[in-house]
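The values are calculated or read from the model by the stated rules, or taken from the named source; none is laboratory data. Computed from a predicted structure; not experimentally measured. Cβ: placed from backbone, ideal geometry, glycine included. Neighbour counts: every protein chain shown. Side chains included, ligands, DNA and RNA excluded: accessible areas come from the protein's heavy atoms. Shrake-Rupley method; radii C 1.70, N 1.55, O 1.52, S 1.80 Å.
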Amino acid sequence: ILEIELRKFIADNLKSFSPSWWKQRIPNEVRLRAEKRKTDREEPYPGTVKQDRPLYDYLDFPDLKVIITAKNNWEDVFKQTFLRTDLIQVKLDEISIFRNDIAHHRDIPVQDREIFVSNVRQVLRTIRKSETRP
């Protein structure tokens, strides 16, 4: 849920700042990797349905931090939501560690689950709250 909402939050906020946001606001290496993943994944295999998902769906979780904290994106778009780069960087880094464990079906100790859940909830509350602002 966090990844889906965070990707959409980034895309919506960058779109509202610039109609050419994908080329202007996504760092080149991140953009090229996502474009390749989209091409590779959406090339239909025999018997599968062709997909056409938005490019931002092909951003990896670590890419999201890179996009948010890129100097121009931070100053122009995300600073008003997250306030401090160091805080959102730490939260996304901590989430990333546990997210990878979850994705690979590794158990997370109870104490670590609390850190993970707390960080996820805090980031979700922050982006959801900012979406309701005028």
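A few comments on the model shown:
- Considering the conditions (1) charged (D, E, K, R); (2) open to solvent by 30 Å² or more (accessible area, probe 1.4 Å); (3) modelled with pLDDT of 95 or more, K38 is excluded by exactly one of them, (3).
- Filter pass, L64 being surrounded by fewer than 14 Cβ atoms within 10 Å (Cβ to Cβ), at pLDDT 95 or above and either touching a helix residue (DSSP H, G or I) at 6+ places or on another chain (Cβ under 7 Å) or part of a helix (DSSP H, G or I) (or both): no
- Selected residue (only one of I108, I95 is within 16 Å of R125 (Cβ to Cβ) and in contact with a helix residue (DSSP H, G or I) (Cβ under 6 Å, 6 or more places away or on another chain)): I95
- Failed item in (1) among the β-branched types (V, I, T); (2) over 19 Å from S16 (Cβ atoms); (3) at pLDDT 95 or above, with T48 passing the rest: (3)
- Restricting the search to helices (runs of 4 or more DSSP H) fully inside the stretch 73-134 and requiring at least 2 residues that are open to solvent by 60 Å² or more (accessible area, probe 1.4 Å) and touching a residue at least 40 places away in the same chain (Cβ under 8 Å) gives 110-131.
- Residue match in the stretch 10-23 (condition: part of a helix (DSSP H, G or I), of a type in the set (S, T, N, Q) and in contact (Cβ under 8 Å) with a residue 12 or more places away in the chain): yes
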